[in-house]
Amino acid sequence: MRGGAQLLVVVGGDGSVNEVVNGVADAENVEIAVIPRGTGWDFARSLGIPRDLDAAVAVALSGEVREIDLGLVSYKTWAGTEARAHFANVGSAGISGAIAKRANETSKALGGKISYYWATLAAFARWQTGEMRVSVDDEIRDGKMIDVMVANGRYLGGGMMMLPEAEPDDGLFDVLLIGDVTKRDLLFTLPKSYRGKHLPHPRLEVLRGRVVTVDADEPLPIEIDGEQPGTTPARFEVVPRGLRVRVPRPA
């Protein structure tokens, strides 16, 4: 990097990590370390980085370096222009963008888990399910869906383990297609997601691939690491081993 820095320490949540990732994505031999703070620290959770301050500082100082994949998404900005951005943990299109927006606009005094839980219920109550068209490499799906989650890490939304088998360095996204779920589905399934026990489910499908495209008749909000930069149509692609992160050493 400019000035010769080789380690950047991020103190914050997923949004802070996202800003730094977009600044260092094209830099060589730069490592990041994370001191988890903020509302949603799902990136740190996905990599096993401790929440405890002293333990996180110890990892930043002497943890081992893990090379993980990045996501790169092409999308439409809210102004209608084309743009691209990287993400480290999870990208999505559909209701999750509305959930993240609501969570970011409301009080987070009760913590990330409760904030995202109530934001999910509130957004679902007003969401109009529409037709979505999705491709995951050679697999094509279309139909009524409320969301498509493109995951590099296992956790999102303040601790939901939505993709329990996702690995951040395998060169593939784990992609969750959420179909036309009912209120009953949500109320019974959402609590299970915090333990990764919501799968299998007849209205959920998991695919794996390197390139994911999402489109709909009406533009849908996209979300990357908790931020909402724009709308569909969107194209997500893996950038293999695009980020170096300090993580805990094996016990």
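Tell me the Kirkwood radius of the range 70-239: reciprocal of the mean inverse pair distance over distinct alpha-carbon atoms, in Å. Taking the inverse mean of 1/r over all distinct Cα pairs, the range 70-239 comes out at 15.7 Å.
How high is the relative contact order of the chain? Use alpha-carbon pairs under 8 Å, at least six apart in sequence, and give a whole percent. Computed over the chain, the figure is 28 percent. Extension gain, D169-V65: 0.36 nm per intervening residue step, less the Cα-Cα distance, totals 36.2 nm.
What pairs from K113/K197; K76/K101; K101/K197 go past 21 Å between their alpha carbons? Exceeds cut-off: K101/K197. If you sort the three axes of the alpha carbon gyration tensor as a ≥ b ≥ c, you get a/c of 1.5 or more for the range 187-239 and a/b above b/c, which makes it prolate.
Under the convention that each Lys and Arg Cβ holds +1 and each Asp and Glu Cβ holds -1, the size of the dipole of the chain around its Cα centre is about 880 debye. Once the Cα-Cα distance is subtracted from the 0.36 nm per residue extended length, the Q128 to R208 segment shows a gain of 26.1 nm. Counting only lysines at least 8 places from K183 when in the same chain, those with an alpha carbon closer than 17 Å to its own are K144, K192. Applying the criteria of a DSSP loop state and at most 14 other Cβ atoms within 10 Å to the GluC sites (Glu not before Pro) of the range 153-233 yields E165. Between H86, A100, I178, the Cα set farthest toward the positive side of the dipole of the range 70-239 (charges on each charged residue's Cβ, about the Cα centre) is that of A100.
Cα centroids of the range 10-48 and the range 191-247: 18 Å apart.
Read the figures in this text as sums done on the coordinates, not as results from a lab. What you see is a predicted model, and the numbers here were worked out from it, not measured in a lab. Note: ideal-geometry Cβ built from the backbone for every residue, glycine included; neighbour counts use all protein chains shown.
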